[in-house]
Amino acid sequence: MSEPPIQIPSRSISPGFLIASPRLDGSPFERAVVVMVHHDAEGAMGFIINKPLEIDFGSLIQSVNDDLAQRILPESYDVPVHFGGPVRIEQLWLIFQRDVEGQFHQPENQALFKKLGNPHEGALSFSEGWFLAASGEIIEGFAVGRQSGDYRPFIGYAGWGPGQLESEIDDGSWLLLDFDEDFFFDFLPGVHWDEALQKLGVDPTAFLMMGKMGRA
């Protein structure tokens, strides 16, 4: 039984997905599917999209700003908040899609990591019509209906320093999958990782068995 080929990126893999291999079992990335929003020589940033938390977006916004309680859209209480990764777990982030860019201040990608100490201004465009934001104004705008578009909220993110992600891909910790808008939003708890592997032509059961054999 041959293992999936190692995929070393020769260019930025943002936007795109990382699919965790069994090498990461037992870590916060076990069976994770990660959407990448930034990747260059300075490092990488992404968000786990298949680990929902036991809180919804409306309830979370209400818990930190009770003044908004009467204005929060009912549908906000149907949107699950996801565990985005182990970095900055005190920070709420939104990934959203919209056809019109609006009046967002968009920092340059090169400045992203320098700005993470205070990421509360504007939105970063990481693909056409796709944005990342930690701005309270933008986040509250979605909760109360001032902002429009499809979105998903995250607590924390996944981050890698220079060369770290490339090394993890090299040692077989991650597989790469092209960015797919429908795959990002069409979320079914418990099966997203399996679906990602199937998109790559990898049998999930066989992949898990290879991981167990590799650790034996």
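Annotation note: Cβ proximity below 6 Å between a residue of the range 176-198 that is without any contact (Cβ under 8 Å) to a residue 24 or more places away in the chain and a residue that is assigned to a helix (DSSP H, G or I) and of a type outside the set (D, E, K, R) (sequence gap 6+ or interchain) occurs for D194/P204. Considering the range 128-162 alone, what residues qualify as being at pLDDT below 90, surrounded by 15 or more Cβ atoms within 10 Å (Cβ to Cβ) and within 21 Å of F179 (Cα to Cα)? Correct list: G149 only.
Do we have E195 as closer than 15 Å to I19 by Cβ, of a type in the set (D, E) and outside any strand (DSSP E or B) here? Spelling it out, E195 is indeed closer than 15 Å to I19 by Cβ, of a type in the set (D, E) and outside any strand (DSSP E or B). Against the criterion of being more than 14 Å from N50 (Cα to Cα), loosely packed, with under 14 Cβ neighbours inside 10 Å and either under 18 Å from the mean Cα position of the chain (by Cα) or hydrophobic (A, V, I, L, M, F, W, C) (or both), D178 qualifies. Listed by first and then second residue, the pairs linking a residue in the range 201-212 that is closer than 14 Å to D25 by Cα to a residue that is surrounded by 13 or more Cβ atoms within 10 Å (Cβ to Cβ) and at pLDDT below 85, with Cβ atoms under 6 Å apart and 6 or more places separating them unless they lie on different chains, are M210/E3. Being in contact with a Ser or Thr (Cβ under 7 Å, 6 or more places away or on another chain) and more than 23 Å from F57 (Cα to Cα): is that true of L175 here? Yes: the conditions hold for L175.
Scan the range 140-162 residue by residue and report those that are touching a residue at least 60 places away in the same chain (Cβ under 8 Å) and under 24 Å from H39 (Cα atoms). Step through it out loud before you land on a result.
So the first thing to find is which residues in the range 140-162 are touching a residue at least 60 places away in the same chain (Cβ under 8 Å), and the list is 140, 142-145, 151-162.
Across the range 140-162, the qualifying residues are Y151, R152, P153, F154, I155, G156, Y157, A158, G159, W160, G161, P162.
I'd like to know if the range 115-125 contains one or more residues that are surrounded by 13 or more Cβ atoms within 10 Å (Cβ to Cβ), small (G, A, S), at negative phi and modelled with pLDDT of 90 or more. No, because not a single residue in the range 115-125 is surrounded by 13 or more Cβ atoms within 10 Å (Cβ to Cβ), small (G, A, S), at negative phi and modelled with pLDDT of 90 or more.
Taking the range 33-71 as the range and being surrounded by 13 or more Cβ atoms within 10 Å (Cβ to Cβ), outside any helix (DSSP H, G or I), in contact (Cβ under 8 Å) with a residue 60 or more places away in the chain and out of contact with any Phe, Trp or Tyr (no Cβ under 9 Å at 6 or more places or on another chain) as the test, the residues that pass are D40, N65. Out of the residues in the range 72-101 meeting the condition of being in a loop (DSSP other than H, G, I, E, B), in contact with a Phe, Trp or Tyr (Cβ under 9 Å, 6 or more places away or on another chain) and of a type outside the set (A, V, I, L, M, F, W, C), tell me which one is modelled with the lowest pLDDT. The extreme case among them is E101.
Do we find a residue being part of a loop (DSSP other than H, G, I, E, B), basic (K, R) and over 24 Å from E54 (Cβ atoms) anywhere in the range 146-164?
Looking for residues that are part of a loop (DSSP other than H, G, I, E, B), basic (K, R) and over 24 Å from E54 (Cβ atoms), one finds at least one in the range 146-164, hence yes.
Going through (1) modelled with pLDDT under 90; (2) crowded, with 19+ Cβ neighbours inside 10 Å; (3) assigned to a helix (DSSP H, G or I) one by one, E168 falls short only on (1).
The values are calculated or read from the model by the stated rules, or taken from the named source; none is laboratory data. As the structure is a prediction and not an experimental result, all values here were calculated from the model. When we count neighbours, we look across all protein chains shown, and the Cβ atoms used for this are built from the backbone with ideal geometry, even at glycine.
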